[in-house]
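Chemist: Just dropping this structure here.
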Amino acid sequence: MSRIRNVFAALQADGRKALIPYVTAGDPYPDATVQIMQGLADGGADVIELGVPFSDPMADGPVIQKASERALAKGIGLGQVLAYVKAFRLGNDRTPVVLMGYANPVERYDQRLGEGAFLRDAVAAGVDGVLIVDYPPEECETFAQRLKAAGLDPIFLLAPTSTEQRMKDVGRIATGYVYYVSLKGVTGAGHLDTAAVAAMVPRIKAHVNVPVGVGFGIRDADTARAVAAVSDAVVIGSRLVQILESQPRDNVALAGRQFIAEIRAALDSIKEGATA
């Protein structure tokens, strides 16, 4: 059983919800990424989504776009991202890491280093799952099968506009968890409608056999708590990236840990309230 599945199984047994923060590798300080990741884990992150910088992140809003631009300007590519994961694993062999990004860097990596290099090096580094935003399930079944064969979870996005057929397609090949994009638009958008999320999650669960995480528009403890009440996991990215960007180098990991600890406490209050 993968680290991701182990984490979700343990949380479910304890009646708790997963917290999945997203950060862009190499931002805001390349030499702080591993410390930030460990700070997130110490603050209560159950899974860490590590963004692979890309020049045209079509699904991301201004906050994460700028984070990618800053990381790219500092020379951060997929090779450096894998090195961060490997370094993180030296001190943490428990918290799953999911690489989130786009097809171009992965395909370019294999072009440079040989077919299968990405999977080989991702496994060696200690990656647990891969979410490629622009790989729809119907077009990447072979890639998904290769991930599974290597022990990695292929993770997919679903959106408010997803059809029943798309949900079935995702349900057929996804493992780990499914990431439901709660808003039409890009990361960092506002106006989260928790009632709409509550209506959509059961529809997704009718077609997938893995946990459903919800992201986009979650910025604080209140919205995280509301979303966690109707889902298996909360994904939070843009707000965390903003907080890290505003910090000096010496405080950046601590700031990330403190923010995630606040969100963790909010999620755990659901269980506490239910059993009080």
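Chemist: Within the range 3-271, how many Lys pairs that are eight or more residues apart, or on different chains, come under 29 Å at the alpha-carbon?
Modeler: 17
Chemist: Jot down the per residue volume, in cubic angstrom and as a whole number, of the convex hull over the alpha-carbon atoms of the range 3-271.
Modeler: 112 Å³
Chemist: Same structure, new question: Please list the non-local residues whose amide H lies under 5 Å from the amide H of residue 19, H modeled 1.01 Å from N, same-chain partners needing a gap of 5 or more.
Modeler: Long-range HN contacts for residue 19: 46, 47, 234.
Chemist: May I pose another question? What size of dipole, in debye to the nearest 20, comes out for the chain about its Cα centre when the only charges are +1 on Lys and Arg C-beta atoms and -1 on Asp and Glu C-beta atoms?
Modeler: 300 debye
Chemist: Which is farthest toward the positive dipole end of the chain among 228, 180, 200, measuring Cα position about the Cα centre, with Cβ charges +1 (Lys, Arg) and -1 (Asp, Glu)?
Modeler: 228
Chemist: For n ≥ 4 DSSP H runs only, could you compute -39500 (n - 2.57) per run for the chain, divide by its residues and tell me the 222 nm figure to the nearest 500?
Modeler: Counting only the DSSP helices, I get -15500 deg cm²/dmol.
Chemist: Of 110, 27, 42, which is the most mobile in a GNM of the chain whose springs link Cα atoms less than 10 angstrom apart?
Modeler: 110
Chemist: Which residue, 171, 75, 44, has the most motion in a Gaussian network model of the chain that connects Cα atoms within less than 10 Å?
Modeler: In this elastic network of the chain, the residue with the biggest mean-square fluctuation among 171, 75, 44 is 75.
Chemist: Now for a separate question. For the chain, modelled as a Gaussian network with Cα springs under 10 Å, which listed residue fluctuates most, 250, 31, 56?
Modeler: Between 250, 31, 56, it is 250 that shows the largest mean-square fluctuation.
Any read-out appearing in this document is the output of simple, stated calculations on the displayed coordinates, not a laboratory observation. Being a predicted model, the structure only gives us computed values, none of them experimental. All Cβ positions, glycine included, derive from the backbone under ideal geometry; neighbour counts span all protein chains shown.
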